Every structure is written in structure tokens, then in C-alpha cells.
1. What is the distance in Å between the Cα centres of segment 471-495 and segment 651-704?
2. Calculate the FRET efficiency for Arg442 and Glu585 from the Cβ-Cβ distance with a Förster distance of 51 Å, rounded to the nearest 0.05.
3. Using Cα centres only, tell me the gap between segment 433-454 and segment 531-548 in whole Å.
4. Hey, what does the equivalent ellipsoid look like for segment 1-118, semi-axes from the Cα gyration tensor as sqrt of 5 times each eigenvalue, largest first, whole Å?
5. Tell me the label-point distance for the pair Asn640, His460, using the 7 Å Cα-to-Cβ offset, in nm and rounded to one decimal.
6. Report, to the nearest 10°, how far helix 446-458 tilts away from the longest principal axis of the Cα atoms in the chain, using its own Cα long axis and a range of 0 to 90°.
7. Excluding Pro281 itself, what net charge comes from residues whose Cβ is under 14 Å from its Cβ, given Lys and Arg +1 and Asp and Glu -1?
8. Give the lysines reachable from Lys277 as a straight Cα distance under 16 Å; neighbours fewer than 8 places away on the same chain don't count.
Amino acid sequence: MSRNLYVTALAEESGKSVITLGVAEMLAHRVERLAFFRPIVESAERLDNDTELMRSRYCPDLAARDMWAVTGEEARTYFVEDDVDALVSKILGKYKALEKNHDFILCEGTDFSGLSDVLEFDFNARVARHLGAPVLGVVSGRDKTPDDLWDTLLAARESLDNARCTIAALVANRVSEEALQDWKEQRTSHWPYPEPIYALPRVRTLESPTVGEIREALQASVVRGSDASLYREAMDVCVAAMHLPNFLKYVREGTLVVTPGDRSDVLLASLATVHSKHYPPIAGVVLTGGIALAETVERLLDGLLHMDVPVLLVPDDTLTAAQRVGRVRAAITPDNPRKIATALGVFESHVDLTELNERIDVARPTIVTPLMFEYQLIERAKADRRHIVLPEGEDERILRAAEILLRRQVVDLTLLGDPVSIREKLSSLGIDLGDTPIIDPRKSPWRESFARRYFELRQHRGVTEEMAHELMLDVSYFGTMMVHFGYADGMVSGAAHTTAHTIRPALEFIRTRPGVSTVSSVFFMCLPDRVLVYGDCAIIPRPTAEQLADIAVSSAETAAAFGIEPRVALLSYSTGESGKGEEVERVRAATEMARQRRSDLPIDGPLQYDAAVDPDVGKRKCPGSPVAGRATVLIFPDLNTGNNTYKAVQRSAGAVAIGPVLQGLNRPVNDLSRGCTVPDIVNTVAITAIQAQQQTEQSRTDPS
């Protein structure tokens, strides 16, 4: 069993960052204490992108200085003095210090800067051998024919073998679609070796720097555009020096237009492409010569709606600025979820993760950490893709989350709202959702059948046909009816609507599962070292003893369904038999009911919070309890307590709160907080997809 892996490129421009990120994501759900290490970084003052990405995403508690051994300048001194042994010894010492406190170390080789390819390859192979790390080699497939690609892979394998490296796998990155298809067809006949090989396609968005990266490299001023607009990828550069009609012939999707600051005609035409049906949207504009926008032009732009396109200003002349833009290299940075999602989507779609895991052969963890939990959500949702409807299609957070979900191929989506308005917003935000359906309930042919069905189900409550027809204009009702009819597997809403607005339609006609009388909710509370389940913090203000028992059993089942071993604590202000009074007795009665319904589960109560989660307190207050001090599912006595506790823990302990996740419904409908973030939406959609998978499986095993 290896405790490390060494990812190294075998030449320049391989795009090994994508592979490093994909491997780290794969390891994150299997390794409790994952570390990242680079033998050489270019600067001690500023971490390189890969190291900063790994630190922020996978090992935030690791000090930056512990993640690398020497700087590029120090390494070059060792090479000049022909003392590579001393350099390797220093690297090994730094690595060993990191190894003491971590279960697995993912290492990434050097960046092929300042040394010849041969010297750099030899150095990386030497370091990998001394670290005892199997090597995952990355080669570039850019501009290679299938035959060239096979020659490159065979040569890479021979080089690593001659260098006495243990080969985990080889990856060809940035392969053209044509070469990729031929490569797949020839793989069996052309590769006689036991090591697995993979090929990843070339993806322009990963190779293209963002406008923000260009801004930083050029030290440009941001004249217009939000921070979010700076994440647009500049996939092409166009110098606009000719007259406007001729310049427009050269505009392509993702073009960064470089033009003198006094060419207001070019600026306005470039920005207009964002809303034109006949021109693709640009990435942004760089104004040169240090010439600021005229006041009249500023006023004109201020009056335009949905015009969030970045405009930069630099003092350079146009030619110099264009040359500097062309030298900016793309990177996957921690603050760019779009590129991270794209990179992970490409890696996970073209690499056999099960096979690669077996090659690395790491041990399974004994606990579920937050990172493992979130990774498992995405992987489980992807394993059997479901169709989720998002009624709030005009909310920017929903659109950004949708892009991430689609790039990672987690689910299929439908958005509700005005298609023209949504597409304008997508264009202005630089978001690409491909051919994702956008449905306007006002014009949908489903509206009539939805209204008839709602009338049939609710006429006993005084609903008229006219009322039903009008209600189907409401996106929450329309989206829930899509789930009811099977046009979608689940719904996620609440970013712009209240909880009541989101779940009322589900309670009216989706209703509860057989054997469940209470619809309740849980939050998955992702603490630094574990994931707890809190219920109910969103639905029932003051549950009865019977409802508390329902919540306890449902919450335990939800926890188990998401890989958390359920140990259920029903909470109160008193522990055990010490307290008296109506509130304690209600919790005590609920505990007995829950135990009778699920005698196979460890359930205890009433317990105070500290007795439920702290082993020392639990041992003192409830010796012999199967739950005290080890609870994973915590059931609060009322909504006031639960809602305030989850928010207090979220804010004070820095926990990530995923939810509320509704439980007990026939079909999955989940609510978002109106203060939700893009990651909250991504996680909730993944949870909804998994719930849909589970309900399909249950219907197969229990068709009644």
C-alpha cells in the first residue's frame, strides 16, 4: 500500500494541473489526512497556483511553508554547484517532516522552467524514487496525430522504466477530439503493458486565461465589470485597429478585444455583441494608451441593463498590450469554481477512477470528513444522473451553480423563467449552459394538463379550475408539478422564495411516503473533523412526541443513506432522569416511541448537547449509553432551538451547513436558504439527485 503519488509532466505544456486536481479530488474521500507537496516552487513569497489550490481545497490546516522544499533560485544554485544529492536530501527531509502527520501525500513535480527537458525529467524521476512514490506521468497530446500520441506514450513509459520508477499510470492530456476517438479504438491493440493509460481531450476554457488573470498580469485598472465578470475566459485576442464593419468580422466567442481607449465605437460595438443574436459574446475589452472613457460614454453604459462585461485600462500602446496579453498563461485558481468544475468534469469522464484507485491502493478512512462527504455527494449523483428542475432560473447564483453542475456532469437540469431574460443574463454573465431547457410556465403546453391535475387533486379544498390554471404560473407550483408528472426527478428552490412557498405545493399534491406521517428536515453540519445531522431546524415549530419520534427515525435513515452511521440523540435541557416537566417528558416519550419503531438503531434521550457529542461529558452523565458522547444525529425539541443552534454552530465554528434537506416526501423537493451560496446550491442539487436515485431503488424493491 503506497502512501504517496508523484504526478509529473514529461514535457512542457502538458496541463498537469488538471490531473493533479482530479487525483486530489479522487483521494479526498478516501484519505483522512491528505497533504500536498512540491519539491521546488518558483518563489517563497507567493505560492504557485497548484499549491495554493491544493492548500485551500484539500489541506487548509497545512502551513504553506510546509508544502514545498526549496525555491527555484535555491535549486538552480545546487545544479550550478553540481550538488544534486544535497538538493534531493533537503527535499527528502522536508517531505519526511510532512509525512509524520499525514496519511497520504500527493506530490507534484517541477514546471519545466529554467532547465532542459532531459535534466528536469531525470530530476523528477530521482526525487520520486527517493520518496518511494509511484509516478503518474503526464504527456501533452496537443497537435499530435494518433500515431504521434502512441509514440509519445511509449517513449514516456520507456523513459520512466529506464529511470527505475514505479509507474502508477500515464495520462495524455489536451488531445484533439479526432485523435481521442482513434486512440480509444486502438488502445487495446497498441498498449501491451500492465500500467493503465488515459487520454483527456483538449478543452479551450482550461487553456485560456481569465480576464482577471490578464488584469493581474498587466496590472490593469478595471473600468467596468463586476468581480464575477473577471472569470470570463479569454479564448482569443483581437486587436481592433480597423474600421468597425471590418473589425466585427473577426469577433469570435470569448474574444478579448484590445483597442485604443479613444475608440468608443469599437468599445460600444464589442459590448453590444453580448446581446446580439448574430454575434457571439466577447470576453471583455482592454483599452490602451491610458485613455479613460469619456463621460458621455460612461453615462450611456450606465443606462444599459445586464451589461456586466469587463473593461480594462492599461497605459501601454495597443501592440505592446496585445503582446503582453498573449503571454499570459492560464491557471486553475482556488477562486475560480468554473474552471475547477470543468477540470474535474474532464478528468472524471475520461479516467477510470476505480482502476486508478486500485493502482494507488490507499486505505479506506474510518470517519467521514466534510470534504469526503461533499465528494461522495457529487460522485453518487453522477453515478446515475437525474433530472432536476430549478424554478428560480433568473437568480444569478442558480445560474452559476447550474454551470458548475453541468460542467461536472452531475445532473441534467431544466430552468424555469422567461427564456429571453435568462439568456440575456447568461450572456451578460459569460455563463454557458449549452442546450439546457428553459421553460416559461406562461407559454408551456404542460400548463393545461398541470392545471387539470391540480384541480382534480384539490377541488375538495375549494380550488376551482380557474384558480388551478392561475396557480400554474407560479414557478414553485409548476416545478413541483413537473416532479409529480415525472418530467423531472426532483426540484430545488428557495434562493429567492420562502421555505413555505417552496414546500407548500409538495405538501399539497406530492405528499408523504407510505409509513411516514411527518415531513421534516435535516441539515448536514460539516464540522472540521466530522459531519453531524441536525433535525428538525426548518419545518415544524413545536413537534409533538409522535412527530419527534418521526423526525428521529427519518433523520437516522437520511444519515445512513448518505454514509453517516446513525447514533441518534434526542436533545433537551436535561440529561437522563434528572429533569422533570412537560418539555423533558415530551422528549422522553419521543425517545421510547423511536426505540420501539427502530429497535436496531442506537437511540437515546433526553440528552443535553454536550452529553451527546463530548465523549468525556457523555461518559460522566450517561455511563453505558450507546449514544452519549458519540451522537451523529441530533434531534432538537423545537424549531426555535434547532434553527438557532445550527446557525450558531455555522457562524461560530465555521461549519458548512448543507440544507435544509426535506425528508418524508414521495418525491424529492428541497429548500434553499435565501442567503445560500453557489456551493450550497450545488450540494443541495446533488442531494436531491441522490434522494431520487434512492426512491427509484425503493420502488423497485417494494413496488407496492
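The values are calculated or read from the model by the stated rules, or taken from the named source; none is laboratory data. Predicted, not measured: the structure shown is a model, and the values here were computed from it. Neighbour counts run over all protein chains shown; Cβ positions are idealised from the backbone, glycine included. In case anyone asks, the SASA skips ligands and DNA or RNA and just uses the protein heavy atoms, side chains included. Shrake-Rupley method; radii C 1.70, N 1.55, O 1.52, S 1.80 Å.
1. After rounding, the separation between the Cα centres reads 15 Å.
2. Computed FRET efficiency for Arg442 and Glu585: 0.45.
3. Spelled out, the Cα-based centre of one part sits 34 Å from the other.
4. After scaling each eigenvalue by five and taking roots: 23, 16, 13 Å.
5. 3.6 nm
6. So the inclination is approximately 20 degrees.
7. For residues surrounding Pro281, the net value is -1.
8. Candidates past the 8-residue exclusion: Lys249, Lys425.
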